[in-house]
Amino acid sequence: MSDLLTWIRWVESRIAAVAIHEQLYLRVVDATRGPMTVTFTVRLLQPSPAGLRRVLNLGPALAQALQVDAVRVADTARGIHIEIPSPAPRTPTATWLAQHTHGTRVAVGMDSFRHPVVVDLADYPSLLFVGPTRKGKTEAAKSVLYALLTRNPDPADLSAIVVGRRSNWACLASLPGVVDIIGDHETALEAARWLSRELHARHCAGQAPANRQAILFVVDDLPYLLQNVPEIADHLGAIAGAGGAVGMYQLIITHFAGSRAGTGGQAVDNNITARILYRPSSKASAALSAGTGGLGVEHLSGAKGDALLILDGVAQRVATAHLPPDAPGLRPTTAPRPSAHLPWRAGIAQNGTERPHHPPIPAATTSMGEGGETTCFSRSSRSAAPPDPGIELVERLRATLPDARPKGPLLPSDRPPSPMERAALRYLHDKLGSKERVYPLAWGFKNRKTWTWLDQALKGNRR
């Protein structure tokens, strides 16, 4: 402790020397040791707009004076914070996050004053982790998932579907709420399609999130996934935009935001206002990923776990957590076992290494939303809704389509329908009597693209 106090006094003297050289009148009012930084709170003795701007631009000069990698200077209600990388950084653990997590209010890290930083998924249903490789993004997301599942241990309340490298996520397979860990992009796409259908069914049912089991979709390494199945972006955007109202949440991990290659497009970027950003490769990349400049993301230390949490454009320094291997509830993974009843795995060839190795999905019922069949979770053992006549019609129509799938939507969503498929759409519309009942059966969801295709089939291409 004496060494730390000596270091703090030395830093204060260097801050004073830089301020005097710049003819700025500052007073250090506090020094707080946080997990990743020591934060010096200073005040301008003669406040002015010009003086404040000069103080906020002192970061590079202070980094040189203190011989550290980077110094971030931020203006807050408490005063001006000068954040110096700690000589002994220490990130919190996932078990500490769990202690401060209650329902959908999940702790995502610790701030510079050693207080928990909490994000309520009811207000921010999708959380984006952004940064270059090896900065702690996946470890942070695993810790958040662990905190949510250990504080909501009943799978009837919350279940998680994880897309990511199995070697990274298998440690969480023993948690009751982990429904599936998906290691290949084709199964990931099928899971996203199923989630889109479930989203539509829940909105049609009009039930509040409290009456539904919450579903958490975790997507690791999104850029790689987009390279192989770019159409998954439509489903992620739909969940980001409308999932929070019906208890469907997302944790998405990517290398950069603000571009189609990083997040899949504006539907994801514009609907995710909760972001955890790690030090980027450049100032331009920082502004693009944050959605705005001037937050000082580029002045983070670059150490694992050192990040900024941005909620609605307001930034806060946060140390994200790591998941210790001996955390309560974790145990060595068991041998893989098949779960053929998972809707997104039906009809997909599985080998021994890609079968899910977790407890089966909780008891489910079949809910009908606007004529579309969607397997969904339930808190109780309610009887299944009566079958919709459109389902039997779809089964008959499948035989007429040369590339029909054995399960899932009637038509592929990556190309316009063929003349034969347009005829099937007109037949389906005539029988069901509504466009809104056609979308979930034909494609599993409704967006601008499917609306155009159906409109062309019904109006412009009847020959």
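Neighbours of Ala303 by Cβ distance under 10 Å: Lys/Arg scored +1, Asp/Glu scored -1, total +1. The accessible surface of segment 205-282, taken with every protein chain in place and a 1.4 Å probe, is 48 percent carbon and sulfur.
Could you list the residues of segment 4-47 with an amide nitrogen less than 13 Å from a label point located 7 Å from the Cα of Asp75 in the Cα-to-C-beta direction? Under cut-off, by backbone N: 44, 47.
Segment 225-288 gives an Rg/Rh value of 0.98, both radii derived from C-alpha positions and Rh following Kirkwood. A full extension of the chain between Ala346 and Lys449 corresponds to an added length of 34.5 nm, given 0.36 nm per residue minus the alpha carbon distance. In whole angstrom, segment 54-100 maps to an equivalent ellipsoid with semi-axes of 27, 16, 6, each derived as √(5λ) from the alpha carbon gyration tensor and ordered largest first.
Note on segment 142-229: Cα-only Rg and Dmax are 13.6, 39 Å. In whole angstrom, note down how far apart the Cα centers of segment 260-309 and segment 36-56 are. The distance from the Cα centre of segment 260-309 to that of segment 36-56 comes to 24 Å.
No solvent, one uniform scatterer per C-alpha: report log10 I(q)/I(0) for segment 37-191 via the Debye equation at q = 0.14 1/Å, two decimals. For segment 37-191, the Cα-only Debye profile gives -0.85.
In the full protein context, segment 74-123 carries 43 Å² of accessible surface per residue, based on a 1.4 Å probe and ignoring ligands, DNA and RNA. Seen from all directions on average, segment 8-61 presents a Cα convex hull projection of 3.9 nm². Modelled this way, with points 7 Å down the Cα-to-C-beta line, the labels at Asp30 and Ala122 are 2.9 nm from one another. Computed on segment 1-125, the Cα convex hull volume stands at 129 Å³ per residue.
How much net charge surrounds Gly177 when only other residues with a Cβ under 12 Å from its Cβ are counted (Lys, Arg +1; Asp, Glu -1)?
Combined, the nearby Lys, Arg, Asp and Glu give -2.
The values are calculated or read from the model by the stated rules, or taken from the named source; none is laboratory data. Everything numeric in this text was worked out from a predicted model, so none of it was measured. As a convention, Cβ positions derive from the backbone with ideal geometry for all residues, glycine included, and neighbour counts pool all protein chains shown. The protein model used for the area step is the full one, side chains on, heavy atoms only, and it has no ligands, DNA or RNA in it. Shrake-Rupley method; radii C 1.70, N 1.55, O 1.52, S 1.80 Å.
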